[in-house]
Amino acid sequence: MNIHLTSPLDMHLHLREDEILSLVTPLSAHSFCGGVIMPNLIDPVDTKRKLLAYREKIIDASHSDTFTPFMTLFFKPFSREELESVRDDIIGIKLYPAGITTQSENGVTDFNDIMATLEAMEELEIPLLVHGESGGFVMDREKEFCFVYRDLAQRFPKLHIIMEHITTRNAVDLLEEYENLSATITLHHLLITLDDVAGGMLEPDLFCKPIAKTPDDREALREVVFGGHPRIMFGSDSAPHPRHKKECVGCAAGIFSSPVALPLLAQVFEEAECLDKLQGFISDIACRRYGLVPPEKNITLTRKAWRVPERYGSIRPFYAGKEIRWSLV
Ligand code: DOR
Ligand code: ZN
């Protein structure tokens, strides 16, 4: 038995730089026809010059595979002229609250300072991608941030706002209130809860931001993904960190899932008896919401088990050492 997928897209992807970029980009390019590239490099991608240089490096690193990097700028207050000049080179602008996650120190500290930029983005039809967490108690951060999403969605009704990697029932419910909100959901948040991260021995490989939440939150995500919600798209948030940055004091947040994403999604959708919804989740809904015409790439998965490697270079992948029933042909 085979599954055929057309032009899979990863709508939230960290490719990093240098050796990690060279290691992980071909793994994404092998499965996906394109990805939305996160800009939180050590020196954030916050100018057109940096963005074009980074895009070239990604294209070089993807070798012969068809893979389009859909670039994002790191949000800072931009003038209208700056936005106009970069508009055709980006899929959107990624907003991080300052200090909320890996390499987000230069993010936004006061939302009152950014209204002019958001107004210009709305007029120029540039989507806003948001890491939606407050600085509160870790399990409440997304719920608290829903106030910000609500405020932005109301003030800028024509601004397409993407709630990145949502993890809670609150965020799922909020989507229903405003047509200009979309969301991405990761593979790992469909599978794990906080118990998997810290309920037994601490699992650094499952530590990410936003942290996995309760079984009820996970159920809310599964319901909308498996139900084919028309504004929810797949974004892996695959975020590679070398082992020495995970297995140490001060474990870095991030789960490296790109090499297992499509086979494991197939397994999860099959178990939920909704394989017919997979194509929408991994491509069609994103194309509709963003108005994208993706490069054509046909991917076949076959029902053949394989064991996920313990390492890709210095990085342990999600599901390391475990078996997955579907393989990429
Ligand atoms: O777990 C995460 N890792 N969440 C993020 O928001 C950033 C990412 C990273 O860059 O490592
Ligand atoms: Zn991310």
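The values are calculated or read from the model by the stated rules, or taken from the named source; none is laboratory data. Just so it is clear, the model here is predicted, and its values are computed rather than measured. Here Cβ is always computed from backbone atoms with ideal geometry, including for glycine, and neighbour counts include all displayed protein chains. Remember, those area values only see protein heavy atoms, side chains included, never the ligands or the DNA or RNA. Shrake-Rupley method; radii C 1.70, N 1.55, O 1.52, S 1.80 Å.
If you add up the charges near GLU123, with Lys and Arg at +1 and Asp and Glu at -1, over every other residue whose beta carbon is less than 15 angstrom from its beta carbon, what do you get?
-2
log10 I(q)/I(0), Debye, Cα-only region 71-131, no solvent, q = 0.21 Å⁻¹?
Evaluating at q = 0.21 Å⁻¹ gives log10 I(q)/I(0) of -0.78.
From the P(r) of the chain, could you give the percentage of C-alpha pairs in the tail past 39 Å?
Considering the chain, 6 percent of its Cα-Cα pairs are separated by more than 39 Å.
Carbon-plus-sulfur fraction of the accessible area of the chain, 1.4 Å probe, in percent?
50
Which of the GluC sites (Glu not before Pro) across region 193-283 are loop residues per DSSP, with 15 or fewer other Cβ within 10 Å?
Passing sites in region 193-283 are GLU247, GLU273.
Would any residue of region 33-48 have its amide N under 17 Å from a label point 7 Å out along Cα→Cβ of GLU56? List them or say none.
Correct set: 45-48.
Compute the acute angle (0 to 90°) between the alpha-carbon long axis of helix 48-61 and the principal axis of greatest extent of the alpha-carbon atoms of the chain; round to the nearest 10°.
Taking the Cα atoms of the chain, the angle to 48-61 is about 10 degrees.
List the GluC sites (Glu not before Pro) within region 62-109 that DSSP assigns to loop and that have no more than 13 neighbouring Cβ atoms inside 10 Å.
Sparse-neighbourhood loop GluC sites (Glu not before Pro): GLU105.
Give me the angle, in degrees from 0 to 90, between the Cα long axis of helix 115-124 and the longest principal axis of the Cα atoms of the chain, rounded to the nearest 10.
Computed tilt is about 70 degrees.
Roughly speaking, what is the stretch gain from GLU123 to GLU176, that is 0.36 nm per residue apart minus the C-alpha to C-alpha distance, in nm to one decimal?
That pair, GLU123 and GLU176, stretches by 16.7 nm at full extension.
In whole Å, how far is the Cα centre of region 268-314 from that of region 142-219?
Region 268-314 and region 142-219 have Cα centres spaced 20 Å from each other.
Report the residues of region 114-132 in range of a label on ARG80: point 7 Å along Cα→C-beta, backbone N strictly under 14 Å from it.
Within reach of a label on ARG80: 116-125.
Can you tell me the 0 to 90 degree angle between the C-alpha axis of helix 261-271 and the longest principal axis of the chain, rounded to 10?
The angle comes out near 70 degrees.
Among residues other than GLY135 whose Cβ falls under 14 Å from its Cβ, what is the net charge (Lys/Arg +1, Asp/Glu -1)?
-3
Considering only DSSP states other than H, G, I, E and B, which trypsin sites (Lys or Arg not before Pro) in region 66-162 qualify as loop sites with at most 10 other Cβ atoms within 10 Å?
LYS158
When the dipole is taken about the Cα centre of the chain, and only Lys, Arg (+1) and Asp, Glu (-1) are charged at their Cβ, what size is it in debye, to the nearest 20?
It comes to approximately 800 debye.
GLU323: net charge of surrounding residues, Cβ under 15 Å, Lys/Arg +1, Asp/Glu -1, itself excluded?
+2
Go through LYS50/LYS209; LYS57/LYS322; LYS94/LYS158; LYS76/LYS209 and tell me which ones have a Cα-Cα distance over 27 Å in this structure.
Cα-Cα > 27 Å for LYS57/LYS322; rest within.
Using 0.36 nm per residue of separation minus the Cα-Cα distance, give me the extension gain between HIS4 and HIS30 in nm, one decimal.
Gain on extension, HIS4 to HIS30, equals 7.9 nm.
Just for the chain, what percent of DSSP beta bridges are antiparallel, to the closest 5?
30
To the nearest 20 debye, what is the magnitude of the charge dipole of region 119-172 about its Cα centre, counting +1 on the Cβ of each Lys and Arg and -1 on the Cβ of each Asp and Glu?
240
Once Lys and Arg get +1 and Asp and Glu get -1 on their Cβ, which of ILE211, PRO240, ILE91 lies farthest toward the positive end of the dipole of the chain?
Of the listed residues, the answer is PRO240.
Between ARG311 and ASP88, what's the calculated FRET efficiency when r is the beta-carbon distance and R0 is 41 Å? Round to 0.05.
0.55
Can you give me the accessible area per residue for the chain, using a 1.4 Å probe, in Å²?
Ligands and nucleic acids excluded, the figure is 41 Å² per residue.
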